[in-house]
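Engineer: Quick one: the structure is below, and I'll ask about it shortly.
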Amino acid sequence: MRAPVVHHASRRRRALRRRALWTGGELLVTVGLVLMLLVVHQLWWTNREARRGAERKVEALERRWGEPGSSPGSSSASSSSGSPAGAPALGPRDGSGGGGRVQRARSSAARPAFSEAYAVLVVPRLSLRAPVAEGVGKAEVLNKGYVGHYPGTAQPGQAGNFALAGHRNTHGEPFRYLDRLRRGDTVTVETAAAMYTYVVGQVLPQTSAADGGVIAPVPRSRVKPSYGYDRPGYYITLTTCTPEFTSRYRLVVWGTLISARPR
C-alpha cells in the first residue's frame with residue numbers, strides 16, 4: 001500500500017490560507033471593538049460629559065443671578081415702566097398678536113457674545129433645564145449640551161421669534177424628547193432680569209432642514225404652509241433633528257408668550 005504523498009507546496013498553501021483566515025478574523029474582531037467603543041463614546045460618554053457641563057453652567061448662572069446686589073448684566077435691564085427690558089405688557093389673552101394687548105417696553109439689552117450662556121430653558125413636561133447660549137455652532141454650543149439661539153432672531157420676551165436649536169441624540173441630547181410636547185404645555189426662559197413663559201401652540205413633526213421659514217419673525221413653514229402663524233407676535237421656536245439618530249429633517253415646536261415676570 002502506497003503512502004500518500006504530500007507536496008510541500010500544498011502544505012504551504014494550506015498554512016497560508018489558515019494564517020490569512022486567522023489574521024482576517026483578528027482584524028474583524030478589532031474593527032468590531034473599535035466600532036463598539038465609538039458607539040459607547042457617542043451614546044454614553046458624550047452625553048455624560050455634556051450633561052454634567054450643562055448642569056454646572058445652569059447652577060453657575062442661577063448662583064450669579066442670586067447674588068446680593070447682582071445686576072441684570074448684558075442679558076437684560078429694567079425699563080422705566082417697571083417691566084423687564086424687552087418684555088411685553090400682556091393683555092388678557094396671549095402674545096401671539098391674536099387679540100391680546102401687547103406693548104413693547106423700552107429695551108437697553110446688549111446682544112450676548114457668541115457662545116455665551118445667558119439664559120436657562122425650562123420645559124416641565126421634559127424635566128429639562130438647559131443653558132441657552134448665543135449661536136448654533138456644534139463645537140462652541142450644541143456639543144456642550146447647551147441649547148443654541150439662532151443669531152438674528154429675537155431675544156427672550158422680545159417681539160418676533162426667539163428661535164432655539166438643540167441636539168436630539170448625543171452630546172447631552174437636551175431635545176431628545178421634544179416630540180412629546182403638546183399644545184398647552186409651558187416653556188419658560190429664565191434670564192438675569194426676568195422669567196418669560198410661553199405656551200406651546202403648534203408642533204410641526206417633520207420639515208426640510210433648509211426650511212428657514214420656521215425661524216422667521218412670524219414663523220411659518222415654507223415646505224408645509226399649513227403649519228405656522230400669520231400675525232406678528234412674541235414667539236418661541238424649538239428645533240431639533242428627526243428621525244432620531246439622523247439629521248435629514250427637522251422637528252419644530254412653536255409657542256407664544258403669555259407672561260413676563262421680573263426676578
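The values are calculated or read from the model by the stated rules, or taken from the named source; none is laboratory data. Nothing here was measured: the structure is a model prediction, and the numbers come from that model. No Cβ is skipped: glycine too gets one built from the backbone with ideal geometry, and neighbour counts run over all protein chains shown.
Engineer: Could you tell me which numbered condition Gly157 fails, if it satisfies all but one of (1) assigned to a loop (DSSP other than H, G, I, E, B); (2) farther than 19 Å from Pro112 by Cα; (3) at pLDDT 95 or above; (4) in contact with a Phe, Trp or Tyr (Cβ under 9 Å, 6 or more places away or on another chain)?
Structural biologist: (2)
Engineer: State all residues of segment 108-128 that are crowded, with 18+ Cβ neighbours inside 10 Å and modelled with pLDDT under 95; if no residue qualifies, say none.
Structural biologist: Scanning segment 108-128 gives Ala109, Pro112.
Engineer: In segment 166-178, is there at least one residue being over 13 Å from the mean Cα position of the chain (by Cα) and in contact (Cβ under 8 Å) with a residue 12 or more places away in the chain?
Structural biologist: No: segment 166-178 contains no residue that is over 13 Å from the mean Cα position of the chain (by Cα) and in contact (Cβ under 8 Å) with a residue 12 or more places away in the chain.
Engineer: Please go through (1) in contact with a helix residue (DSSP H, G or I) (Cβ under 7 Å, 6 or more places away or on another chain); (2) under 16 Å from Asp179 (Cα atoms) for Tyr227 and return the number of the only condition it doesn't satisfy.
Structural biologist: (1)
Engineer: So, in segment 191-203, exactly how many residues are buried (at least 23 other Cβ atoms within 10 Å of the Cβ) and not small (Gly, Ala, Ser)?
Structural biologist: Here the count works out to 3.
Engineer: Okay, moving on. Within segment 212-229, can one find any residue that is surrounded by 19 or more Cβ atoms within 10 Å (Cβ to Cβ), in contact (Cβ under 8 Å) with a residue 12 or more places away in the chain and under 22 Å from Pro124 (Cα atoms)?
Structural biologist: For segment 212-229, residues surrounded by 19 or more Cβ atoms within 10 Å (Cβ to Cβ), in contact (Cβ under 8 Å) with a residue 12 or more places away in the chain and under 22 Å from Pro124 (Cα atoms): absent.
Engineer: Report yes if Gly213 is at positive phi and not basic (Lys, Arg), otherwise no.
Structural biologist: So Gly213 fails the test.
Engineer: For segment 130-154, how many residues meet the condition of being aliphatic (A, V, I, L, M) and assigned to a loop (DSSP other than H, G, I, E, B)?
Structural biologist: Residues meeting the conditions: 4.
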